[in-house]
1. Just to be sure, is residue 173 away from the ligand (no atom under 12 Å from the Cβ) and either surrounded by fewer than 23 Cβ atoms within 10 Å (Cβ to Cβ) or farther than 14 Å from residue 10 by Cα (or both)?
2. Among the residues of segment 152-167, is any free of Cβ contacts under 8 Å to residues at least 60 places away in the same chain, over 25 Å from residue 227 (Cα atoms), within 16 Å of the ligand (Cβ to nearest atom) and buried (at least 17 other Cβ atoms within 10 Å of the Cβ)?
3. Taking segment 141-178, which residues are assigned to a loop (DSSP other than H, G, I, E, B) and more than 10 Å from residue 129 (Cβ to Cβ)?
4. Within segment 16-49, take every residue that is more than 13 Å from residue 244 (Cα to Cα), crowded, with 17+ Cβ neighbours inside 10 Å and within 16 Å of the ligand (Cβ to nearest atom) and give me the one that is farthest from the chain's Cα centre (by Cα).
5. Of all residues in segment 224-246, how many are over 23 Å from residue 68 (Cα atoms) and within 12 Å of the ligand (Cβ to nearest atom)?
6. With 249, 221, 207, 189 as the choices, which residue is more than 11 Å from the ligand (Cβ to nearest atom), surrounded by fewer than 24 Cβ atoms within 10 Å (Cβ to Cβ) and assigned to a loop (DSSP other than H, G, I, E, B)?
7. Within segment 6-13, identify whether any single residue is closer than 16 Å to residue 61 by Cα, buried (at least 23 other Cβ atoms within 10 Å of the Cβ), touching a residue at least 40 places away in the same chain (Cβ under 8 Å) and more than 14 Å from the chain's Cα centre (by Cα), and answer yes or no.
8. So residue 68 ticks every box in (1) touching a strand residue (DSSP E or B) at 6+ places or on another chain (Cβ under 9 Å); (2) over 13 Å from residue 11 (Cβ atoms) but one. Which box is left unticked?
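Values quoted throughout were computed directly from the atomic coordinates according to the rules given, and no laboratory measurement underlies them. Quantities reported herein were computed from a predicted structural model and do not represent experimental measurements. Neighbour counts are summed over all protein chains in view; Cβ atoms, including those assigned to glycine, are modelled from backbone coordinates with ideal geometry.
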Ligand code: PGA
C-alpha cells in the first residue's frame, strides 16, 4: 500500500453466494466491525439479487456496493442481462469486470472485457478490472505477456487519465483463486508493479501512481498483512474469506493499519 498516492480498497467478491436475507444479515454484522476503518474503502460485490437489500442496509455506513458483471450494451433485447445504467440507478458504485471465472465459464474475451469497461464508465460506475495468468502460463514463463495483453486491451476503453481515475486493477492469478494457495507477497508485488509500469508507459507517472491495484486469490486474515505490506499492492479482492464477517473484517483491519 502507498496511501500517500492512492486509495486502499478491500472488496469482497461474494460470487454466487448469499440470498438477499443473508446479505442483509451479513452487512449488519460487518457494519459494526468495519465502522472505524477510515483508511481503506470497503466494497461488497454481490449477486444482482442482493443489490437492493445491500444498498439499503449500507446507506448509513461507509461500505459501498458493487456488482460482479454487467452487459456491454445500455439496454435492449438481451434477455437475462443487466446494464450499467440499471446498476448505477440501483445504487451500485463498483463493478467487477473480466473475473477469471467469467473469462473461463462465460467465454469473456479481452475484447468483450474492454467493451464492458467502456459500458461501466459510460454508466458512471467504477470498474475493477481483473487480470491474471493460469498455472500453465506461469509455468511457461509468460505471466507478464498474458497480463500485459489483458491490461493493454482494457486501455482501449480508457481514453484519458480522467477515465483512468475510475479504474481499479485486480491482479488475480487464476491458480490462486479458491485454491487456498495464495501468491507469495513477492509474486504479487512483482506483477502489481509490472501492471503499474504498463499504466505509467501509457498514461504517465503521475496518473499511474494514483491507480489502486489489488491482489486477489486466497487472501485471508492470516496472509493479508504481508500481501498489503507490498508498496504496489493497494488492496484485495476477496472471495471465500469475504463470506465470513470475522475473516473479512480482519482483512479490512489489516488494510487499515
Ligand atoms: P478467493 O477468490 O479469495 O476465494 O480465492 C478471489 C476472487 O475470485 O476474486
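1. Working: away from the ligand (no atom under 12 Å from the Cβ): no; either surrounded by fewer than 23 Cβ atoms within 10 Å (Cβ to Cβ) or farther than 14 Å from residue 10 by Cα (or both): yes.
Judged against the criteria, residue 173 is not a match.
2. no
3. So the first thing to find is which residues in segment 141-178 are assigned to a loop (DSSP other than H, G, I, E, B), and the list is 141-142, 156-160, 165-166, 172-173, 177-178.
The answer is 141, 142, 156, 159, 160, 165, 166, 172, 173, 177, 178.
4. 47
5. Number satisfying all stated conditions: 1.
6. Details: 249 fails: assigned to a loop (DSSP other than H, G, I, E, B); 207 fails: assigned to a loop (DSSP other than H, G, I, E, B); 189 fails: assigned to a loop (DSSP other than H, G, I, E, B).
From the options 249, 221, 207, 189, the qualifying one is 221.
7. no
8. Checking residue 68 against (1) touching a strand residue (DSSP E or B) at 6+ places or on another chain (Cβ under 9 Å); (2) over 13 Å from residue 11 (Cβ atoms), the one that fails is (2).
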